[in-house]
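Each reported figure results from applying straightforward, stated rules to the coordinates on display, with no laboratory input. Because the structure is a prediction, the values reported are computed rather than measured. With ideal geometry, Cβ positions are generated from the backbone for all residues, glycine too; neighbour counts draw on all protein chains shown.
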Amino acid sequence: MNLTPQNVTKWNSNQLVSLHRFLVVNMLRFFHFVIGNDLLLDIISIINKHDFTINEKKLRLANKNSRQTVTGLVVNEKVNVNRKLIRNVRAMIHDLKTNGINSAAQNHFQTSKEVDEVMAHKFISRLYGFIHFIGQVRGKQDGIYLGILKEINYTKN
């Protein structure tokens, strides 16, 4: 498909549907940098002229250097977790190792009430859930995941 303004108007409905899917999936970031704003607006008007709509709430133009996230995962070059999650998990483990489960659970849940068995179990379950999520996204052989697992297993002993 040739993306010149003259050729876009000659596309059939299947080509326009394909373009629409491509634009929605890629959030127009490719076109924004390759063709510029004027042609981008022309493409959007052509899509609208053929009774297709772009959901403005889901549309965003992304800089190629910005963090691109989809459902909480970073998807720039490969799928990854946000570094903030990894830092938070390490902080939870550090708090658990240095202050014990009661203090770590209180800090995590931001409460001053006494930690009971249910809250302690919830804290540990959440911590392991975060750890396994990191392993699922980054891979079970990933160094960061293995390092976090090693830290938490050290804490258990």
>> Positive end of the dipole of the stretch 63-157, charges at C-beta (+1 Lys, Arg; -1 Asp, Glu), about the Cα centre: which of N65, N99, F133 has its Cα farthest in that direction?
In response: N65
> How large is ³J(HN,Hα) for each residue in the stretch 139-147, as worked out from phi by the Karplus curve 6.51 cos²θ - 1.76 cosθ + 1.60 (θ = phi - 60°), to whole Hz, x for Gly and Pro?
Replying inline: x, 6, 9, 5, x, 5, 4, 5, x
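By how many nm would the segment from R90 to K49 lengthen if fully extended, with 0.36 nm per residue of separation less the alpha-carbon distance?
Numbers: separation 41, 0.36 × 41 = 14.76 nm, distance 5.17 nm.
Taking 0.36 nm per residue and subtracting the Cα distance, the gain is 9.6 nm.
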